[in-house]
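Student: One structure coming up, written as structure tokens, with questions to follow.
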Amino acid sequence: MVEGLRRTGRNLTTESFIKKMEDAGEISFGRFNVKYSPKSHNGSTYVELAIVDAEGSLRY
């Protein structure tokens, strides 16, 4: 989402945001890739579960 906002710039509208994301194609965040197109707004199907325990520690 932040990358889409960055690419859209100051002329942010719902339509301009969607257009920039669709035009971006595949975006790489290190080893994690997302891909948007006019036919797919999913970005990624990757899911990771993490749990924060009572002490505030992140558990995988």
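Nothing in this text is a laboratory measurement; each read-out follows from the coordinates by a stated rule. Quick caveat: nothing in here was measured; it's all calculated off a predicted structure. Don't worry about glycine lacking a Cβ; one is built from the backbone with ideal geometry, like all the others, and counts go over all protein chains shown.
Student: To the nearest 20 debye, what charge dipole does the chain have about its Cα centre, counting +1 at the Cβ of each Lys and Arg and -1 at the Cβ of each Asp and Glu?
Tutor: Approximately 280 debye in magnitude.
Student: Sorting check: for 15-25, 47-57, 29-39, which peptide has the highest mean count of neighbouring beta carbons within 10 Å, and how do the rest follow?
Tutor: Details: 15-25: 14.7, 47-57: 6.7, 29-39: 10.9.
My ranking of the peptides, most packed first, is 15-25, 29-39, 47-57.
Student: Given the Cα atoms of the chain, and with Rh set as the inverse mean 1/r over their pairs in the Kirkwood sense, what is Rg to Rh to two decimals? Provide the component values of the computation, followed by the final result.
Tutor: On the way: Rg = 15.2 Å, Rh = 13.4 Å.
Reported Rg/Rh, Kirkwood definition of Rh: 1.13.
Student: Another question, if that's okay. Using each residue's phi in segment 4-13, evaluate 6.51 cos²θ - 1.76 cosθ + 1.60 at θ = phi - 60° and report the 3J(HN,Hα) Karplus result to the nearest Hz, with x for Gly and Pro.
Tutor: After applying 6.51 cos²θ - 1.76 cosθ + 1.60, I find x, 5, 4, 5, 6, x, 6, 8, 6, 9 Hz.
Student: Under 15 Å Cα-Cα from Lys35, which aspartates and glutamates qualify once same-chain neighbours fewer than 8 residues away are excluded?
Tutor: Glu3, Glu22, Asp23, Glu26
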